[in-house]
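Values quoted throughout were computed directly from the atomic coordinates according to the rules given, and no laboratory measurement underlies them. Given the structure is predicted, the values throughout are model-derived calculations rather than measurements. Heads up, the Cβs are rebuilt from the backbone with ideal geometry, glycines too, and the neighbour counts pull from every protein chain shown.
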Amino acid sequence: MSRQQAAIDSTASAEAREHIWNLFRRWGFLQANLDPLGGLEPVAVPELDLSGPDADAARRVYCGTIGAEFMHIPDGARRVWVQERIEAPAPEPDRARILDRLVRAEIFEQVLQTRYLGTKRYSLEGEDALIPLLDAILNAAAEQGAEQSVLAMSHRGRLNVMTHIVGRPAAEIFAHFEDVDPRSVLGGGDVKYHMGATGDFPAVNGRTVAIHLASNPSHLEAVDPVANGRVRAKQKRIGAEGRRAVLAVVMHGDAAFAGQGVWAETLNIAGVEGFNVGGSVHIIVNNLIGFTTVPRDCHSSRFSSDLAKRLPIPIFHVNAEDPEAVVRVGRIALDYRYAFQSPVVIDLIGYRRHGHSEVDDPTITQPRRYRKIEAHPPLWKIYAGDIGANPGPLVEQVREELDAAQKEALELEKSPPMRQLPAYWNAYQGGRYDASLEVDTAVAPQELAQIGEAVASYPQGFHVHPKVKKLLEQRVEMARGKRPVDFGMAEALAFGSLLQQGVPIRFSGQDSRRGTFNQRHAALTDIETEEDYLPLQHVSPGQAWFEIYNSTLSEASVLGFEYGFSRDFPEALVLWEAQFGDFANGAQIIIDQFIVAGESKWGLLSGVVLLLPHGYEGQGPEHSSARIERFLQLAARDNIQVCQPSTAAQYFHLLRRQALRTWRKPLVVFTPKSMLRHPAAVSSLAELSAPRFRPVVSDTGDGSASRVLLCTGKIGHELAAERKRRKDDSTAIVFLEQLYPLPEAELSAEMDRHSHAREFVWVQEEPANMGALAFLLPRLERLARGRPVLSVKRSASASPATGSHKAHELEQHTLLTLAFAAPAKN
Ligand SMILES: Cc1ncc(C[n+]2csc(CCOP(=O)(O)OP(=O)(O)O)c2C)c(N)n1
């Protein structure tokens with residue numbers, strides 16, 4: 001054979017070999033040995049029906065207990081990175097450490113089972129490898145320079161993670177089982193497997209990783225964006241090294257991962273600038289069951305992880321009964337996150353030893369599987385056998401330690417707090433409202449002028465759109481007092497003045513940079529280059545940071561993220577805007593489970609602001625309401641603030657108040673649409689220099705009116721116009737600008753001032769079953785002290801508003817007429 005021919009042959013065989021390996025790289029995971037109970041049958045893949053030394057070698061690598069899915073990643077460098085790590089020989093693991101973790105994880109569950117029979121603990125048994133997996137991830141993270149990690153997870157194995165990863169003493173967990181102090185949580189608190197916890201993870205390399213296990217509700221996956229938002233805030237606080245220093249590790253159930261949209265929305269925002277946390281590590285604690293439901297009823301795909309493949313990120317399936325493979329995957333996944341600042345998914349496939357909880361009998365629905373599980377030894381026994389170790393003394397020692405911990409718990413009089421808030425929360429408080437919390441929010445006119453000029457400026461040579469240029473010229477006139485201030489400018493002035501005072505601002509929402517109603521223009525676009533310029537980043541030297549992002553078209557993940565951010569950045573004003581208020585219910589779980597109840601359940605505060613455009617303007621059922629009634633129904637014990645400022649100045653003071661008070665409470669603001677530039681809603685600079693937000697805006701009359709119309713928001717301005725048209729001088733109009741906490745003193749003073757009024761009338765645009773009516777009526781009746789309180793509203797309706805603009809106008813006309821005529825009894 002000629003030398004040339006030999007070279008061609010060897011090239012051909014190198015290519016053939018590469019082809020074989022590529023087939024296994026692409027499809028091998030479908031035939032990997034991933035299910036400890038053998039239920040996950042290999043998929044028939046004709047491309048892999050190969051024999052020969054190369055095929056055998058590739059099969060050993062790609063069809064063993066690790067199934068790597070990465071060939072869908074478009075970036076070749078990333079594919080090669082994974083491939084090299086998977087094809088390299090497995091590093092020597094620390095077997096004693098793995099066995100120690102497995103024994104501790106399992107014995108902990110067993111002790112809980114015997115001591116607290118009949119109590120739910122959501123055992124980790126069958127997925128015990130999670131503990132060595134987290135251990136491997138955090139050790140690798142410590143090597144990469146991680147200083148903190150935010151962990152999020154649901155019920156399964158949570159108590160185990162609290163003890164063995166977060167580092168909470170077992171005695172604390174026992175104390176919560178003993179429920180030693182029920183009186184401290186009457187009407188509040190949360191179950192033990194939802195509580196947050198903080199602690200320190202001592203890494204093998206001598207460093208410590210501070211762990212924050214996020215408090216989470218029952219609603220599966222809802223915590224995902226919250227955890228990421230928290231990580232982003234922690235990273236922001238650190239600065240340039242933030243992404244290295246703070247790591248998100250999010251755990252999921254297999255049914256929840258496949259089923260819940262919020263995690264998919266969260267993963268979708270992971271690579272978007274405003275929400276990027278440099279990659280989060282996701283672990284599916286995959287026991288191949290969701291309560292009683294089997295995988296084929298949980299998703300339309302082979303793996304619960306399959307939706308993750310829509311993103312260019314790797315997914316590592318691993319058999320939870322090969323703990324050495326598990327820790328190897330943990331290391332590879334973590335290093336990938338650090339190499340590419342990318343999310344990564346680990347699918348840890350095991351089983352669930354007991355029922356959904358320990359009080360649940362799984363043999364009713366999966367009798368065969370559970371016969372198998374009953375006969376299946378725990379992992380530590382299998383592993384000890386595999387490595388030829390005698391775990392007996394360790395098992396004894398762990399049992400003794402846990403016995404001692406339980407005795408310790410019995411002595412406790414209070415359930416110990418399992419977390420410590422960071423020092424940056426020291427300056428802030430929650431609890432009930434108190435007038436002493438108020439601060440002045442005035443800004444002097446000359447300062448407003450300076451800030452106003454700055455927010456209307458842009459660099460020389462920056463090509464502003466002619467329409468925006470005109471608007472900015474108008475803003476300069478507003479700043480100089482030559483033109484009244486509108487809502488858009490009031491917001492810019494509030495932000496600018498806060499930034500100057502050192503308050504950072506983070507803002508996100510759909511199309512929020514320009515503003516859905518073309519009103520904000522917080523980011524200017526050069527019409528030649530499409531480059532951005534954010535005037536609020538250039539208010540004055542030494543100012544605080546300002547960020548504003550257009551979000552993805554998601555409510556749940558984005559609001560969850562902003563709530564999370566607010567949880568770890570109390571000094572910042574954090575705002576989320578719904579495109580129209582009606583869309584906020586896409587984030588209803590975040591509102592219900594975190595924003596309104598977080599303080600009551602977990603003692604955790606947030607000053608997040610929700611801006612919800614609201615108003616009946618004939619734009620149809622989904623562009624009118626922000627469901628005021630729902631927020632008021634959720635309001636109790638001063639948990640949130642619900643406000644509707646009727647003028648630009650009121651909005652200005654409200655935003656400043658939120659940032660400058662030390663009271664950290666979520667603020668829901670119903671913001672205007674058509675009123676954004678309306679002459680009735682604009683304000684003078686003097687009003688911005690007035691001391692404070694006024695929760696009740698009184699009628700300017702002398703109090704002699706025979707009727708008082710009470711209202712909030714846009715309808716008040718329409719009532720005022722109607723009153724003028726009618727030349728009516730016997731009707732007063734009072735704006736309630738804060739619906740919750742209800743400013744009873746101010747409201748009752750204003751009602752008392754109208755001593756000649758024969759009746760009070762609550763007027764709202766919403767149908768009778770919506771708006772503030774149901775919340776306010778009993779309260780107004782109390783404050784009216786015997787005088788009648790009537791109401792004008794649309795008829796009760798299943799949908800918030802009509803779809804016909806003309807019908808809307810007819811309704812609105814009737815509403816105004818009725819307000820000035822004889823209103824119906826309630
Ligand atoms: C959003 C939501 N819907 C329903 C439930 C009720 N629920 C609690 S656990 C569970 C099954 C979860 O299965 P999986 O995600 O596989 O986790 P596992 O319990 O198996 O660890 C369900 C449906 C819930 N907690 N959250």
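Less than 5 angstrom separates the built amide H of residue 739 from those of 642, 643, 644, all sequence-distant by 5 or more or on a different chain.
When you count the other C-beta atoms within 10 angstrom of each residue and take the mean per peptide, 162-174, 673-685 line up highest first as 162-174, 673-685. All Cα-Cα distances of the range 508-553, cut into 5 Å bins from zero to the largest, leave 5, 22, 24, 26, 15, 7, 1 percent in each bin in turn.
Contact order, relative form, for the chain: 11 percent (alpha carbon pairs under 8 Å, 6 or more residues apart, mean separation divided by residue count).
Our note on the geometry: Cα centres of the range 547-586 and the range 163-237, 23 Å apart. Here the Karplus relation 6.51 cos²θ - 1.76 cosθ + 1.60, evaluated at θ = phi - 60°, turns the backbone of the range 785-801 into coupling constants of 6, x, 6, x, 10, 10, 8, 10, 6, 6, 5, 3, 8, 7, 10, x, 8 Hz, with x for every Gly and Pro. For the chain, the longest principal axis of the C-alpha atoms and the axis of helix 53-62 are separated by about 40°. Gain on full extension, evaluated as 0.36 nm per residue between residue 622 and residue 183 minus their Cα-Cα distance, stands at 153.7 nm.
DSSP bridge analysis restricted to the chain gives an antiparallel fraction near 20%, rounded to the nearest 5.
Using the average count of surrounding beta-carbon atoms within 10 Å as a protection proxy, the listed peptides 117-124, 646-653, 417-424 rank, highest first, as 646-653, 117-124, 417-424. Straight Cα distances below 27 angstrom link residue 470 to the lysines 482, 673, 714, with same-chain residues fewer than 8 positions distant left out. Restriction of the GluC sites (Glu not before Pro) in the range 587-652 to DSSP coil positions whose beta-carbon has at most 16 other beta-carbons within 10 angstrom yields 622. Per-residue 3J(HN,Hα) values for the range 326-337, derived from phi via the Karplus relation 6.51 cos²θ - 1.76 cosθ + 1.60 with θ = phi - 60°, read 4, 5, 5, 4, x, 5, 4, 4, 5, 5, 4, 4 Hz in sequence order (x marks Gly and Pro).
Principal-axis analysis of the Cα atoms of the chain puts helix 223-238 at an angle of about 80° to the longest axis. Beta bridges from DSSP with both residues in the range 696-826: antiparallel share about 10 percent, rounded to the nearest 5. Each residue of the range 211-220 was assigned a 3J(HN,Hα) from its phi angle through the Karplus expression (A = 6.51, B = -1.76, C = 1.60, θ = phi - 60°), giving 10, 10, 8, 6, 5, 8, x, 4, 4, 4 Hz with x at Gly and Pro. Any idea which of 621, 717, 662 is furthest toward the positive side of the dipole for the range 612-720, if Lys and Arg beta-carbons carry +1 and Asp and Glu beta-carbons -1? The one lying farthest along the dipole's positive direction is 662.
Can you list the residues, at least 5 places off or on another chain, whose amide H is less than 5 Å from the amide H of residue 280, using H built in the peptide plane? The answer is 344.
Database remark: amide H of residue 794 closer than 5 angstrom to the amide H of 766, 768 (H placed geometrically; neighbours at sequence offset of 5 or more, or on other chains; Pro and chain starts carry no H). Taken over the chain, the ratio of Cα radius of gyration to 2.2 N^0.38 Å equals 1.09. Only beta bridges with both residues in the range 582-739 are counted; by DSSP, about 20 percent of them are antiparallel. When each of the peptides 279-290, 752-763 is scored by how many other beta carbons lie within 10 Å of its residues on average, the order from highest to lowest is 279-290, 752-763. At the listed q of 0.09 Å⁻¹, the Debye profile of the range 579-717, built from one uniform point per Cα, gives log10 I(q)/I(0) equal to -0.31. Dipole size of the range 90-210 about its Cα centre, with +1 on Lys/Arg Cβ and -1 on Asp/Glu Cβ: approximately 240 debye, rounded to the nearest 20.
Rounded to the nearest 10 degrees, the inclination of helix 744-753 to the longest alpha-carbon principal axis of the chain is 10 degrees.
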